[in-house]
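Heads up, the thing below is written out as structure tokens.
The values are calculated or read from the model by the stated rules, or taken from the named source; none is laboratory data. Note that the coordinates shown come from a computational prediction; the quantities given were computed from them, not determined experimentally. Reconstructed Cβ throughout: ideal geometry from the backbone, glycine too, with neighbour counts over all protein chains shown.
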Amino acid sequence: MIFKKTLKDIINNRKTTFNNTEINHNYHTNIDTIDNSKTFQNSQTNNHLEQINNVTNIHSKQSSQKKEKVDVMNSSENTNIKLSEEQLRKVYFFFIDNELLADYDLEFINFKDLFLKEQIRLKADVPTLRQLYNNLKIQKNIKFNNITNDFLIYFINSNDDQIYDYKQFTKDPKPTSGLNEEIKKLFKDF
């Protein structure tokens, strides 16, 4: 009888131990599952925040790049020029298409750095240059204080290798150039 009690006690003890282990195991499993779920959720949240930051950084870089492209400032003290890259490109291709640049190899990147900042050699007649000036000076993002110091000084006439002279502008009898229509087209949507 003692043996039976002991056996019975052992079996009951095992059941209790087994049940405790099972409960403990389930308890740990549930906690692990909850912890893993929290970790997974935190991971997802962190990934989502990282994606938002990446998108924000991309937009920030793009807007700063756009800002850099929009403002091209002249280094001259007298002239205040703010031309977008698109506007400079239009002027450049106007010069190229009408063969006004004496330097045929002048690429846009160099033209952009030179335009109204340093001298450029042109094969333009006086009425063409005068019309360019008249159309540029009425743009809201351009201000010339003095035509001689702010505009003409940056263009060399390739025919005589001299800077265009203001007297030529006032004395030339032709009111418009042969490129009148092209100049109007250039500045139409400028």
Item to check | From LYS140, LYS174, LYS167, LYS117, residue being farther than 16 Å from GLN87 by Cβ, assigned to a loop (DSSP other than H, G, I, E, B) and of a type outside the set (Ser, Thr, Tyr) | outcome: LYS174
Item to check | Residue pairs meeting the criteria (Cβ under 8 Å; at least 6 apart or on separate chains; first outside the structural domain of VAL126 (by TED's automatic domain parsing), in the range 159-174; second part of a loop (DSSP other than H, G, I, E, B) and of a type in the set (Asp, Glu)) | outcome: none
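Would you check if there is a residue in the range 145-153 being free of Cβ contacts under 8 Å to residues at least 40 places away in the same chain, assigned by TED's automatic domain parsing to the domain that holds PHE95, buried (at least 18 other Cβ atoms within 10 Å of the Cβ) and not in a loop (DSSP other than H, G, I, E, B)? Walk me through it before giving the result.
Just the residues of the range 145-153 that are free of Cβ contacts under 8 Å to residues at least 40 places away in the same chain, to begin with: 147-148, 152-153.
If we keep only those that are assigned by TED's automatic domain parsing to the domain that holds PHE95 as well, we get 147-148, 152-153.
Checking which are buried (at least 18 other Cβ atoms within 10 Å of the Cβ) leaves us with 152-153.
Those left that are additionally not in a loop (DSSP other than H, G, I, E, B): 152-153.
Looking for residues that are free of Cβ contacts under 8 Å to residues at least 40 places away in the same chain, assigned by TED's automatic domain parsing to the domain that holds PHE95, buried (at least 18 other Cβ atoms within 10 Å of the Cβ) and not in a loop (DSSP other than H, G, I, E, B), one finds at least one in the range 145-153, hence yes.
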Checklist entry - Does any residue of the range 87-100 turn out to be at pLDDT below 95 and assigned to a loop (DSSP other than H, G, I, E, B)? => result no
